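**Student:** If you scroll down you'll find the structure; I have some questions about it.
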Amino acid sequence: MNRLVLVIVFLGCLTDPAAGQTGLAVDPVATLLARLEQTLREGPPERYLDLLSSAANREFCADFARTVIVPGITRAVVRERDRTALTGALPGEGFRLLIEVFLESGPRARAATWRLDVRRRGSDPSAEWGIVSQEILTTLQGLYRLTLNPKRQIAVRDLAVSAEDLKLVVPEGSMFVAETDVGPTAFVILGRGDMSFTPAPRTERAQLRVVTGAETLQSSFDTAFLRVNPNDTGERLTGREMVDRPVDPRDLKRAEEVFRQEIAKSFGLDLGELSSDTWSLLPVAGDFLVEIRTRRFDAITYARSGSEVEDISLYDRKNRRNISVYSSRAHLTKFTRFYTEDEKSDYIVKSYDVEVGFNPARRSIEGRALLTIETVAPSMSSLTVRLAEPLAVQSVVSKELGRLLCVRVRNQNSLVVNLPTTVIKGFRLTLSINYSGILQPQAIDREAISTQLPQMQEADESEIPLEESYIFSNRSYWYPQAPTLGYAPATIKVTVPEPYSCVASGEFVSAIPAPGTVRQGQQLRQFSFAVKQPVRYLSFVVGRFTEARSERIPLENLAAAVHAPRSPGVYYDEVEFSVQTHPRQKGRGKQVAKTAASILRFYISLVGDFPYSALTLAAVERRLPGGHSPAYLAIVAMPAPASTLRWSDDPGALPDFPDFFVAHELAHQWWGQAVGWKNYHEQWLSEGFAQYFSALYAEHSRGRNVFDGIIRRMQAWAMEKSDQGPIYLGYRIGHVKGDSRLFRAVVYNKGAMVLHMLRRLVGDQAFFDGLRRFYDTWRFQKAGTDDFRRAMERESGVDLGRFFEQWVLGEGLPQVAFTSRIEKRGDGTTEAVLRFEQIGEVYDLPVTVTFEHTDNSVSTVVVKLTDRVVETRVPVARQVRKIDVNRDQAALGVFR
């Protein structure tokens, strides 16, 4: 997405207080507000005094009016947004109002939120109302209604538009300008030109190769639209000649059409009923955007956004994909490659208390969420909250600050809550948010097998219909949450009609009839859950569930042999494990429960801990296998009985290991949940770890041959797709091609292979001790690759900087020339001389050399390659028929 887009909707966030009053002949408060609107528009300030109640401080109100009602106002709009009883007034005799005020002064405007206290001027019910006091709570200044100057056309020669890693050159053309009182801010350039974009990071150049076949994106163009801070114009636009010329009506018409199409896409405000015009903000200093209509790639957007850590982006509008996203040189210096997504957070959530009612028939949600937050920004006058766009907000109330006004950020699942005063770092407040609407549940296939699989068969119409279940999790935005997810405890209460039930993040507390509620003959039940350990996000699943099995799994004996260090925190002696299935899947659910319990015991023996007191596995029906694993809860999709749908080859699946999906999802309780990732680049710490743990369980339960087969499969996918980008690119692997299999081939399988090679490089003891140190250090925190590297170095005593630089941050593969010979020693013994020479970049990797003997026996040795040339001698007791390198495919690389 284009991250510079700012489109705010000022309406529809809070319930209109006048709604439902259509039966009233006259609303005297509305009459007062209409007079206020007229006074603001027509002036003079003295007329404001005519609106006052006798209890108002006239001198204070006169000063207020002179500040607000200034010459040049051409249009005023006042809209009431909230109304509550005024403290100290008799019922119906006084109100506290929240109103929005929009004032135009020609091409400029400002919007504000006011608090008005109003009272009836007399005891007579027909008496007029007056203003007792007023206060401006928030103000949005600097709104511009931008238009191209129709009387000015600039002829340009050798025009250059420059930004970091981008250059546009127009040998000859025309330019039209949208001007403000502080300088020009928007330009339309017409004329044949050439663009060149060469990102500095090697990783981003590699992504360009995937898209264009070259490390530089070059294309001719005939139109460009620019937004720039007026003070940056001289830096961004230069030319040998820029002179005014007579306006060509055809050029003006073409430029105005481009301007009309582009102006609302960025830095724009949709003010709803306050104004039907398009209003814009000026880009802040340093921010920049150019929309380029290229001949080769259609519409391309280059953007600089200082509010983002990765502040440079190149976006393909036609295909709705990010081609490049990375940090500028300045931001890279400031934040480094291993930044945390919390760098730009204004606040953290300390706890959530969420109550929702869900109607499966209508897909409707009614909710109330209580957020306890603490500010981390130096100062803050508003805060952003994520909530699904279809959900309408009825009210936002703070115990500390009272009723608050919120505005919707259009198309971004976000609200902006305005605070009546600026708060500083460390300020704590609670937000109670009531909301409702129709919300579709999220798909399950994000975590594993994509529905876009090759050779997929169509479902047979005679198949048994799926048993429905409804998942609301991290991609639903079903409850108000911080824009950047952190760790927080919570309580969850979900009300559903019978016969539905609910499983959710947290320990199950109770399932009780909802008080006094029966809808359409269905009794409502409320399911309660306590999220005692901090989690990254909350989830719930609604379906017709029955318990297939439950048991308590003791941790003490399983973890006793590990001797892992423990950081301060809450630990448990046992985990309450249960499996919930649809009734017709209960038999399969019991078998899944046995397998899952075995997997949990094995993982606990490796890590030395289970992070939560309870875990529910929900087995749901889908056409394809897959899964999703929030904290406390693992969701695994099982095909419906007699399903004829088949999925073909996918890098995320291990067909020779049918327990893969359960093993993979359960591993996420440790990797991805208990230990989170600092930003999307670090996603391999979740998916790569879960994939490798699945392979380890396959070895534990099915033997070494199955494990070796899994490694060979992972290695094949990683070798084939490694050129699509480094592991560190995260979700963006395959994004430019729209192929999620590439993501799984690299992040899942290459990530798992990197762990396997690391294990063979440092040894089992150091590897598993390092894993446990990493887990213990970052339990209930967000970690990064550098943190994992330090944990491994601490346990192994080996400098692993180059290993992680090449295997996680790089996309290449080692090129290795291998030779071998047999030599007789003077004492009569025989040695194999093994020589490895790396061609090009030198990698750290362990390689298996396999000796095939004449007696049909086989022996192996692992050689650690850490220099360009490595030569080692291996004693050979039996005659050798053949020597192979990397026969087990346990190393990534090209061997010759």
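Conditions (1) more than 30 Å from the chain's Cα centre (by Cα); (2) within 18 Å of Trp671 (Cα to Cα); (3) open to solvent by less than 40 Å² (accessible area, probe 1.4 Å), marked per residue:
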{"position": "Leu696", "(1), (2), (3)": "no, yes, yes"}
{"position": "Leu758", "(1), (2), (3)": "no, yes, yes"}
{"position": "Leu771", "(1), (2), (3)": "no, yes, yes"}
{"position": "Asp776", "(1), (2), (3)": "no, yes, yes"}
{"position": "Thr785", "(1), (2), (3)": "no, yes, yes"}
{"position": "Arg789", "(1), (2), (3)": "no, yes, no"}
{"position": "Arg794", "(1), (2), (3)": "yes, no, no"}
{"position": "Arg802", "(1), (2), (3)": "no, no, no"}
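**Student:** When segment 829-847 is examined, which residues are found to be of a type in the set (Asp, Glu), in contact with a strand residue (DSSP E or B) (Cβ under 7 Å, 6 or more places away or on another chain) and open to solvent by 50 Å² or more (accessible area, probe 1.4 Å)?
**Tutor:** Listed by number, the list holds a single entry, Glu837.
**Student:** What are the residue pairs meeting all of these: first residue in segment 841-866, first residue within 17 Å of Gln715 (Cβ to Cβ), second residue open to solvent by 30 Å² or more (accessible area, probe 1.4 Å) and among the acidic types (Asp, Glu), Cβ atoms under 9 Å, and 6 or more apart or on different chains?
**Tutor:** Thr848/Asp884; Thr848/Asp888; Val849/Asp884; Thr850/Asp884; Thr850/Asp888; Thr860/Asp888
**Student:** Are any residues in segment 40-77 closer than 22 Å to Leu274 by Cα and of a type in the set (S, T, N, Q), and if so, which ones?
**Tutor:** The answer is Thr67, Thr74.
**Student:** Given Leu453, Leu431, Leu405, which one is at pLDDT below 80 and assigned to a strand (DSSP E or B)?
**Tutor:** Going through Leu453, Leu431, Leu405 in turn, just one is at pLDDT below 80 and assigned to a strand (DSSP E or B): Leu405.
**Student:** Looking only at residues in segment 231-240 that are of a type outside the set (Ser, Thr, Tyr) and not in a helix (DSSP H, G or I), which one is least open to solvent (accessible area, probe 1.4 Å)?
**Tutor:** Leu237
**Student:** Against the definition (within 30 Å of Tyr571 (Cα to Cα), of a type in the set (A, V, I, L, M, F, W, C) and part of a helix (DSSP H, G or I)), how does Leu742 come out, yes or no?
**Tutor:** Taking the combined requirement at face value, the residue does not satisfy it.
**Student:** Against the definition (loosely packed, with under 15 Cβ neighbours inside 10 Å and on the phi > 0 side of the Ramachandran plot), how does Gly122 come out, yes or no?
**Tutor:** no
**Student:** Look through segment 654-673, keep the residues that are touching a strand residue (DSSP E or B) at 6+ places or on another chain (Cβ under 8 Å) and part of a loop (DSSP other than H, G, I, E, B), and return whichever of them is nearest to Arg744 (Cα to Cα).
**Tutor:** Here the residue is His668.
**Student:** If you don't mind, another one. Residues of segment 322-339 being within 16 Å of Leu729 (Cβ to Cβ), in a loop (DSSP other than H, G, I, E, B) and open to solvent by less than 30 Å² (accessible area, probe 1.4 Å), which ones?
**Tutor:** Hits for segment 322-339 are Ser327, Tyr339.
**Student:** Determine which member of the set Val570, Val636 is under 31 Å from the mean Cα position of the chain (by Cα), modelled with pLDDT under 95 and closer than 16 Å to Tyr697 by Cβ.
**Tutor:** After applying the criteria, what remains is Val636.
**Student:** Further, regarding this structure: How many residues are more than 18 Å from Asp867 (Cβ to Cβ), open to solvent by 60 Å² or more (accessible area, probe 1.4 Å) and either assigned to a loop (DSSP other than H, G, I, E, B) or not basic (Lys, Arg) (or both) if we restrict to segment 804-828?
**Tutor:** 4
**Student:** Which residue out of Phe661, Phe657 is more than 22 Å from Arg773 (Cα to Cα), open to solvent by 10 Å² or more (accessible area, probe 1.4 Å) and modelled with pLDDT under 95?
**Tutor:** Selected residue: Phe661, the only one of Phe661, Phe657 that is more than 22 Å from Arg773 (Cα to Cα), open to solvent by 10 Å² or more (accessible area, probe 1.4 Å) and modelled with pLDDT under 95.
**Student:** Quick one: which of Val243, Val247, Val258, Val284 is part of a loop (DSSP other than H, G, I, E, B) and more than 23 Å from Glu308 (Cα to Cα)?
**Tutor:** The unique qualifying residue is Val247.
**Student:** Okay, next question. Across segment 311-321, which residue is nearest to Glu257 (Cα to Cα) among those that are touching a Ser or Thr at 6+ places or on another chain (Cβ under 9 Å) and surrounded by fewer than 20 Cβ atoms within 10 Å (Cβ to Cβ)?
**Tutor:** The qualifying residue nearest to Glu257 (Cα to Cα) is Arg317.
**Student:** What residue, of Phe780, Phe818, is of a type outside the set (S, T, N, Q) and closer than 18 Å to Leu685 by Cβ?
**Tutor:** Phe780
**Student:** Give all pairs with beta carbons closer than 8 Å in which a residue from segment 488-505 that is without any contact (Cβ under 8 Å) to a residue 24 or more places away in the chain meets a residue that is open to solvent by less than 50 Å² (accessible area, probe 1.4 Å) and assigned to a strand (DSSP E or B); count only pairs at least 6 apart in sequence or on separate chains.
**Tutor:** Close Cβ pairs (under 8 Å, with a partner that is open to solvent by less than 50 Å² (accessible area, probe 1.4 Å) and assigned to a strand (DSSP E or B)) do not exist here.
**Student:** Could I ask something else about it? Here are some conditions: (1) of a type outside the set (Phe, Trp, Tyr); (2) over 19 Å from the mean Cα position of the chain (by Cα); (3) within 17 Å of Ser629 (Cα to Cα); (4) open to solvent by 10 Å² or more (accessible area, probe 1.4 Å). Gln691 meets all but one. Which one does it not meet?
**Tutor:** Every listed condition holds for Gln691 apart from (4).
**Student:** Has segment 226-233 got any residue that is hydroxyl-bearing (Ser, Thr, Tyr) and under 31 Å from the mean Cα position of the chain (by Cα)?
**Tutor:** No: zero hits.
**Student:** Let me ask something else. Restricted to segment 86-119, and to residues that are among the hydroxyl-bearing types (Ser, Thr, Tyr) and farther than 13 Å from Thr139 by Cβ, which residue is surrounded by the fewest Cβ atoms within 10 Å (Cβ to Cβ)?
**Tutor:** Thr87
Yes or no, residue by residue, for (1) part of a helix (DSSP H, G or I); (2) closer than 28 Å to Arg794 by Cβ; (3) more than 19 Å from the chain's Cα centre (by Cα); (4) not charged (D, E, K, R):
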| site | (1), (2), (3), (4) |
| --- | --- |
| Trp684 | yes, yes, no, yes |
| Glu699 | yes, yes, yes, no |
| Gly730 | yes, yes, no, yes |
| Gly751 | yes, yes, yes, yes |
| Phe767 | yes, yes, yes, yes |
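**Student:** Counting only residues that are of a type in the set (A, V, I, L, M, F, W, C) and modelled with pLDDT under 90, which one in segment 67-98 is farthest from Gly43 (Cα to Cα)?
**Tutor:** Leu90
**Student:** Going by what's in this entry, would Glu871 be described as open to solvent by 50 Å² or more (accessible area, probe 1.4 Å) and touching a Gly at 6+ places or on another chain (Cβ under 9 Å)?
**Tutor:** Here the answer is no, as Glu871 does not meet what is asked.
**Student:** Of (1) part of a strand (DSSP E or B); (2) within 19 Å of Ile154 (Cβ to Cβ); (3) hydroxyl-bearing (Ser, Thr, Tyr), Ser196 satisfies all except one. Which?
**Tutor:** (2)
**Student:** Within 47 Å of the chain's Cα centre (by Cα) and of a type in the set (A, V, I, L, M, F, W, C): does that describe Ala109?
**Tutor:** The answer is yes for Ala109.
**Student:** Out of all the residues in segment 148-193, which are part of a loop (DSSP other than H, G, I, E, B), in contact (Cβ under 8 Å) with a residue 60 or more places away in the chain and over 17 Å from Glu235 (Cα atoms)?
**Tutor:** Matches in segment 148-193: Leu148, Pro150, Lys151, Arg152, Asp181.
**Student:** Follow-up question, since we're still on this one. Does any residue in segment 356-385 that is at positive phi come within less than 9 Å, Cβ to Cβ, of a residue that is exposed (fewer than 15 other Cβ atoms within 10 Å of the Cβ) six or more places away or on a different chain, and which pairs are these?
**Tutor:** Within 9 Å, the pairs are Arg363/Ile438; Arg363/Gln440.
**Student:** Which is at pLDDT 95 or above and open to solvent by 80 Å² or more (accessible area, probe 1.4 Å), of Phe60, Phe64?
**Tutor:** That would be Phe60, the only listed residue that is at pLDDT 95 or above and open to solvent by 80 Å² or more (accessible area, probe 1.4 Å).
**Student:** Residue check, Val562 against (1) closer than 24 Å to Gln691 by Cβ; (2) at pLDDT 90 or above; (3) among the β-branched types (Val, Ile, Thr), all met but one. Which one?
**Tutor:** With (1) closer than 24 Å to Gln691 by Cβ; (2) at pLDDT 90 or above; (3) among the β-branched types (Val, Ile, Thr) applied to Val562, the lone miss is (2).
The values are calculated or read from the model by the stated rules, or taken from the named source; none is laboratory data. The model shown is predicted, which means the values in this text are computed figures rather than measured ones. Don't worry about glycine lacking a Cβ; one is built from the backbone with ideal geometry, like all the others, and counts go over all protein chains shown. The area values use the complete protein model at the heavy-atom level, side chains included, leaving out ligands, DNA and RNA. Shrake-Rupley method; radii C 1.70, N 1.55, O 1.52, S 1.80 Å.
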